[in-house]
1. Is there any pair with a first residue in segment 240-263 that is free of Cβ contacts under 8 Å to residues at least 60 places away in the same chain and a second that is of a type in the set (Val, Ile, Thr) and surrounded by 13 or more Cβ atoms within 10 Å (Cβ to Cβ) whose Cβ atoms are under 7 Å apart and which are 6 or more apart or on different chains, and what are they?
2. Kindly provide the set of residues from segment 278-296 that are in contact (Cβ under 8 Å) with a residue 40 or more places away in the chain, assigned to a loop (DSSP other than H, G, I, E, B) and in contact with an Asp or Glu (Cβ under 9 Å, 6 or more places away or on another chain), ordered by number.
3. List the number of the failed condition for residue 363; all other conditions in (1) loosely packed, with under 15 Cβ neighbours inside 10 Å; (2) closer than 30 Å to residue 131 by Cβ; (3) touching a helix residue (DSSP H, G or I) at 6+ places or on another chain (Cβ under 9 Å) hold.
4. When the residues of segment 385-405 are narrowed to those that are among the β-branched types (Val, Ile, Thr) and within 20 Å of residue 72 (Cα to Cα), which ends up modelled with the lowest pLDDT?
5. Can you tell me which residue among 219, 202, 187, 209 is touching a residue at least 12 places away in the same chain (Cβ under 8 Å), under 23 Å from residue 131 (Cα atoms), part of a helix (DSSP H, G or I) and in contact with a His (Cβ under 8 Å, 6 or more places away or on another chain)?
6. Residues being within 14 Å of residue 79 (Cβ to Cβ) and free of Cβ contacts under 8 Å to residues at least 12 places away in the same chain: count how many of those fall in segment 309-328.
7. Here's a check for you: in segment 225-267, which residue that is surrounded by 16 or more Cβ atoms within 10 Å (Cβ to Cβ) and small (Gly, Ala, Ser) is nearest to residue 85 (Cα to Cα)?
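The values are calculated or read from the model by the stated rules, or taken from the named source; none is laboratory data. Owing to the predicted nature of the structure, the values given are computational and were not obtained by experimental measurement. Quick reminder, even Gly has a Cβ in these numbers, built from the backbone with ideal geometry, and neighbours come from all protein chains shown.
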Amino acid sequence: MLKLIRWMMPLLMTGFVTMTASAQDPEVKPPQVRTADTTIKKILDDLQRVADSDKQNAKAIEQLSLGREFDNITKYELIKNNLIQASETYYLLNKKIIDLKSRTTTSNLDVFITSLNNPESKELGFSLSDRVVELVEKIILKGKSDKNERNTKLVESTKSIINSPIFKSFTSLTPPLAIASSVMNFLHSVSQSNKAINHKLLQEFEKELNKYVIYYNALNDANQKFEFGLNFNKDQLSLLQDNMYDHLAFTSNVLKMPLPARGNKTIAESLNEYFIEFRKDKVIDFFQKLETQYTKGNKVNYEALLKDNPNLKEANNQLEDLVLQTKRFENLYNEYFSLLDSYYTKVNHSLRLAQDNALAERSVVEAKQAEFRSLKDEAVKEIQASINMRELTLNVDKIKYRYRIF
């Protein structure tokens, strides 16, 4: 028993001390002991955090790579679409420039104006040739053209001047003015030897003749200004065509379809021949072959394609200039109709002068003005239908030239 008590005493003493300590200080806690299990758990948690971070980084890198790939695809598709549409724009612009350059008015309108300027024509109810002879007989010879041989010769000489092949061969619209001037010079010359033709008669004759001169002068002024405007318009169209040719030279080289040497051919001939081959379908074929060249497996390497063909970007970025050229053509196209409107106004003014100077009846003049208006409207519609600006505008709108690629 004593041995048992001695064996239990250390345990009792330990319990007593523990109980005493607990009784004295309830806040005191036994120290926590870190086991192998908690250490492993922390290591596993750290490893999980690293794995999650790696996964997030890999996903971010994947997204960046995918974004870069999409960016290259977007750039390429934009370039491809723009250059395909540009090929059609070049073709249409060249075709419409040539069409507008070839325009004067229309055949019907040209016939109308030519008839008004013809000394033999009676479109306004009179013939200048007949009127000049009548004025000579009435004023210069005082109605006695058949009284003697001298008077008869004067009339015949006047007719001879009017019918001169020189005037009939004029390509400009000035025969009436040339006839009036020649007849006046002739009468002044005759008056030097024929005392019956005095200064007063010449003044009276010139006054009456000038009524016709005023009309034909106004008509001639209208024609000259219209012709000058047309020639200037054509010069500007030729310059535009030269600029288009230079711009096309770079683009065609990029698309592996270079322009041939012009030689002695005009720019119109050269471009017309070139556009037999350089067409939209050929450019589509070029890009299909390019994609095939950079395809590995079932995927096109757009990054390598763009890197190896940097001029594609430059050709795309230069399309803004092509678009500006189409705008310039549109301005010249509108200027043509402004010229036609101005021409219409000036011709009508000359017709009113004929009426005001009693050369033609009012009803005749108004009928001619109505005919001219109808022919002018017909010419406008014919040219608009032939050139079809909407076709060009719709094609240009498909070129997204505002997006420059670097």
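1. 242/267; 245/267
2. 279, the sole residue that qualifies.
3. If we test residue 363 against (1) loosely packed, with under 15 Cβ neighbours inside 10 Å; (2) closer than 30 Å to residue 131 by Cβ; (3) touching a helix residue (DSSP H, G or I) at 6+ places or on another chain (Cβ under 9 Å), just (3) comes out false.
4. Here the residue is 405.
5. Just a single option satisfies the conditions, and that option is 202.
6. 1
7. 252
Conditions (1) touching a residue at least 60 places away in the same chain (Cβ under 8 Å); (2) assigned to a helix (DSSP H, G or I); (3) in the same structural domain as residue 321 (by TED's automatic domain parsing), marked per residue:
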{"residue": "359", "(1), (2), (3)": "yes, no, yes"}
{"residue": "364", "(1), (2), (3)": "yes, yes, yes"}
{"residue": "369", "(1), (2), (3)": "no, yes, yes"}
{"residue": "373", "(1), (2), (3)": "no, yes, yes"}
{"residue": "379", "(1), (2), (3)": "yes, yes, yes"}
{"residue": "385", "(1), (2), (3)": "no, yes, yes"}
{"residue": "391", "(1), (2), (3)": "yes, yes, yes"}
{"residue": "404", "(1), (2), (3)": "yes, no, no"}
